[in-house]
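Quick note: the coordinates plus some simple rules give every number you see, no bench work behind them. Remember, predicted model here, so these are calculated numbers, not experimental data. Here Cβ is always computed from backbone atoms with ideal geometry, including for glycine, and neighbour counts include all displayed protein chains.
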Amino acid sequence: MTAPTREEACALLTEFTKTERALNHALAVEAVMRRMARTRGQDEQMWAVVGLIHDLDYERFPDQHCVKVREILAERGWPEPIIRAVVSHGWGICSDVEPVSEMEKALYAVDELTGLVAATALVRPSKSLQEVTVKSVRKKWKDKSFAAGVDRDVIARGAEMLGADLGDLIAEVIEGMKDVAGEIGLAGP
């Protein structure tokens with residue numbers, strides 16, 4: 001099975017997603033998924049495309065998140081493993097599709113975590129990912145009022161599913177996001 005190209009994924013993403021915040025989140029998750037695929041010897045293109053389009057339906061259909069995306073992708077002939085991965089990232093929240101494959105578990109684990117890492121960067125004086133460390137993210141993790149919309153239980157459950165140490169997962173997410181720091185506004189001044 002061949003994953004759609006990044007160009008195809010970007011065209012679809014921008015058809016349904018318009019806000020800078022949502023687009024930046026998609027780019028962050030894409031970069032992290034690409035890095036994770038590379039370090040695990042998996043298909044980088046497929047993992048990256050899944051990361052890029054995972055919230056495709058959220059902005060336009062927030063009440064049907066992880067439902068509407070199945071329809072959109074199926075109508076366009078996207079491969080079932082990609083559709084399933086995208087739908088599974090909402091497991092226990094807005095989807096009953098449990099993450100099973102390594103790609104699905106990775107997406108489930110990093111989706112919320114990219115938000116926490118980005119929020120941690122934004123409160124640094126430089127607003128740069130270069131200043132973000134595992135320690136600084138863990139400190140913000142403990143402050144439940146900080147980035148209150150980030151579901152820390154989902155992140156912890158995702159790390160457990162992957163068999164990953166939470167600190168190692170945070171480090172991997174930081175490094176993946178650094179690859180696109182300039183594109184997502186977290187490169188500092």
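A few comments on the model shown:
- Dipole check for segment 96-183: with +1 at the C-beta of Lys and Arg, -1 at the C-beta of Asp and Glu, and the Cα centre as origin, the magnitude is about 700 Debye.
- Compared with the direct C-alpha span, the chain from Glu131 to Arg40 gains 30.2 nm at full extension, assuming 0.36 nm per residue.
- Positive end of the dipole of segment 36-189 (Cβ unit charges, origin at the Cα centre): among Val49, Val180, Leu162, the Cα lying farthest that way belongs to Val180.
- Label zone at Thr2 (point 7 Å along Cα-to-Cβ), backbone N below 15 Å, segment 30-70: 45-46
- Extension gain, Lys139-Asp168: 0.36 nm per intervening residue step, less the Cα-Cα distance, totals 8.9 nm.
- Spin-label pair Glu102-Ala156: with each label point 7 Å from Cα along the Cα-Cβ axis, the two points sit 2.6 nm from one another.
- Least to most buried among Tyr108, Tyr58 (fewest other Cβ within 10 Å first): Tyr58, Tyr108
- Shape of segment 6-178, Cα gyration tensor, a/c cut at 1.5: prolate
- Taking the chain as a Gaussian network of alpha-carbon nodes connected by springs under 10 Å, the highest mean-square fluctuation of the residues Arg60, Arg34, Arg152 belongs to Arg60.
- Evaluated with a Cβ-only charge set (Lys, Arg +1; Asp, Glu -1), segment 6-178 carries a dipole of roughly 800 debye about its Cα centre, given to the nearest 20.
- At R0 = 25 Å, FRET efficiency that the Cβ-Cβ distance of Glu71 and Ala11 yields, to 0.05: 0.90
- Charged-residue dipole, Cβ positions (Lys, Arg, Asp, Glu), segment 73-138 about Cα centre, Debye nearest 20: 460 debye
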